[in-house]
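Read-outs throughout are calculated quantities, based only on the coordinates presented, and are distinct from any laboratory measurement. None of the values given here were measured: they were computed from a predicted structure. Here the Cβ positions follow ideal geometry from the backbone for every residue, glycine too, while neighbour counts run over all protein chains shown.
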Amino acid sequence: MQNIGDIQAENTESSLENFSSPIEEFRSSSSSKIHSILIKWQTSENPNEFAKENNLLYKENKIGVYIYLESAESLSKIPKEITISAFDEKIIAAFVSSEQLDKLEELDFIERVTPPDLARTPPIPQVKIPESQTTGENQYDYLLWLVIGGIVIITVGIFKKRKKLKD
């Protein structure tokens with residue numbers, strides 16, 4: 001892809017709620033050009049929060065998408081109001097609003113619209129460390145003090161021995 005500097009990710013294991021209206025069910029069928037996660041973003045109550053939860057690229061009320069064209073010549077037919085980030089032959093990386101997503105569905109030279117899939121990652125697990133647990137750093141501090149104490153005891157012993165030998 002040309003001119004693209006962002007890495008986008010999609011969480012394929014997210015749980016989605018309130019997906020029961022007849023329009024949504026129709027559009028999420030296999031005949032739709034729009035990927036189901038984009039349809040769910042479009043119909044969510046809070047699109048910004050939905051995008052965050054599902055690792056979708058989202059800015060200024062627009063979602064990052066890949067638009068797959070039937071031919072490279074179709075690039076000139078893309079509506080001017082769509083912000084194109086990058087393109088490569090028959091694939092366009094762009095930011096589209098919910099309304100623009102509907103327009104893309106109607107265009108016959110568009111094969112499909114999907115979220116960018118450069119990387120797919122599962123959610124990162126959150127681990128809590130109990131406060132009573134000793135960390136590795138504290139264990140090394142204890143060992144360091146033990147070594148310093150040993151050196152001090154040996155040094156004091158050597159000085160006492162030398163003092164006895166002089167007397």
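Amide H contacts of THR83: PHE95, each under 5 Å away and 5 or more positions distant or on a separate chain (H built 1.01 Å from N in the peptide plane; Pro and chain starts excluded). Karplus-derived 3J(HN,Hα) values for the stretch 47-61, using 6.51 cos²θ - 1.76 cosθ + 1.60 with θ = phi - 60°, are x, 5, 5, 4, 4, 4, 5, 10, 6, 9, 6, 9, 7, 6, 6 Hz; glycine and proline are entered as x. Could you tell me which of the pairs LYS33/LYS103; LYS59/LYS90; LYS40/LYS62 are separated by over 19 angstrom between their Cα atoms in the structure shown? Result: LYS59/LYS90 exceed 19 Å. Placing pseudo-labels 7 Å out from each Cα toward the beta carbon at SER32 and TYR140 gives an inter-label distance of 5.3 nm.
Any chance you could check the Cα centroid distance between the stretch 144-166 and the stretch 50-124 for me, in angstrom? Each part reduced to its Cα centre gives a spacing of 74 Å. Amide H to amide H distances under 5 Å link GLU111 with TYR68, LEU69, GLU70, where only residues 5 or more positions off or on other chains count and H is placed in the peptide plane.
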